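A short worksheet on the structure shown next.
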Amino acid sequence: MATFVRRVTTVDQFLYLSDLYDIYGALLTQKQQECLHLHLYDDFSLSEIGEELGISRQAVYDNIHRAEKAMNGYEAKLGLAARYRSERATLQTIDERVEGLRTEANSVAIDEIRTSLAPLLGREREEKEEP
């Protein structure tokens, strides 16, 4: 049975591989980083990546396959991506609960707390529009 590099077809797969790449990408070879970046973020085919980097389609496949295998190995041993997702979900819950505590008297304090949480959640807090 032949093994093929799977196209990133679902949002969850893309996010998982993106998380792995963000966390472990620096541990990959330069060629693996280039191939995986073009595959994930620029949605290049194996042939297009080969043309862009001046290597064969098979070399692209090998680099992507080794990169994914290496990152999955790092994740199995270190669990940083799982921890990141868990912490982010917890922070999102905290943010929502803090917003639920808002009253007229504590509105400024709530805004300050949520502004502090925003960068940890990977987003900028929107400025509250005054009516």
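The values are calculated or read from the model by the stated rules, or taken from the named source; none is laboratory data. Source: prediction; values computed, not measured. Glycine also receives a Cβ, built like all others from the backbone with ideal geometry; neighbour counts cover every protein chain displayed. We work out accessible area using only protein heavy atoms, side chains counted, and drop any ligands, DNA or RNA first. Shrake-Rupley method; radii C 1.70, N 1.55, O 1.52, S 1.80 Å.
Scanning the stretch 19-26 turns up at least one residue that is touching a helix residue (DSSP H, G or I) at 6+ places or on another chain (Cβ under 7 Å) and among the hydrophobic types (A, V, I, L, M, F, W, C). Arg85 meets the stated requirement of being touching a residue at least 60 places away in the same chain (Cβ under 8 Å) and open to solvent by 50 Å² or more (accessible area, probe 1.4 Å). Among the helices (runs of 4 or more DSSP H) contained in the stretch 10-76, which hold 1 or more residues that are among the hydroxyl-bearing types (Ser, Thr, Tyr) and modelled with pLDDT of 95 or more? By residue number, 11-24, 46-53. With respect to being free of Cβ contacts under 8 Å to residues at least 24 places away in the same chain, under 30 Å from Leu17 (Cβ atoms) and outside any helix (DSSP H, G or I), Arg102 falls outside the description.
I'm checking my understanding of the structure. Among residues of the stretch 21-31 that are of a type outside the set (Ser, Thr, Tyr) and open to solvent by less than 20 Å² (accessible area, probe 1.4 Å), which one is farthest from Ala70 (Cα to Cα)?
Only one residue fits best here, namely Gly25.
Within the stretch 41-61, residues that are touching a residue at least 40 places away in the same chain (Cβ under 8 Å) reach no partner that is open to solvent by 50 Å² or more (accessible area, probe 1.4 Å) and of a type in the set (Asp, Glu) with beta carbons closer than 8 Å at six or more positions or on different chains.
Within the span defined as the stretch 45-53, one or more residues are of a type in the set (Val, Ile, Thr) and crowded, with 16+ Cβ neighbours inside 10 Å.
Screening the candidates Val11, Val60 for the property of being among the β-branched types (Val, Ile, Thr) and open to solvent by 70 Å² or more (accessible area, probe 1.4 Å) yields one hit, Val11. Say whether the condition of being surrounded by fewer than 16 Cβ atoms within 10 Å (Cβ to Cβ) and in contact with a Gly (Cβ under 6 Å, 6 or more places away or on another chain) is met by at least one residue in the stretch 104-114. Checked against the condition, which is being surrounded by fewer than 16 Cβ atoms within 10 Å (Cβ to Cβ) and in contact with a Gly (Cβ under 6 Å, 6 or more places away or on another chain), the stretch 104-114 yields no hits at all. From the list Ala118, Ala105, Ala109, the lone residue that is small (Gly, Ala, Ser) and within 22 Å of the chain's Cα centre (by Cα) is Ala118.
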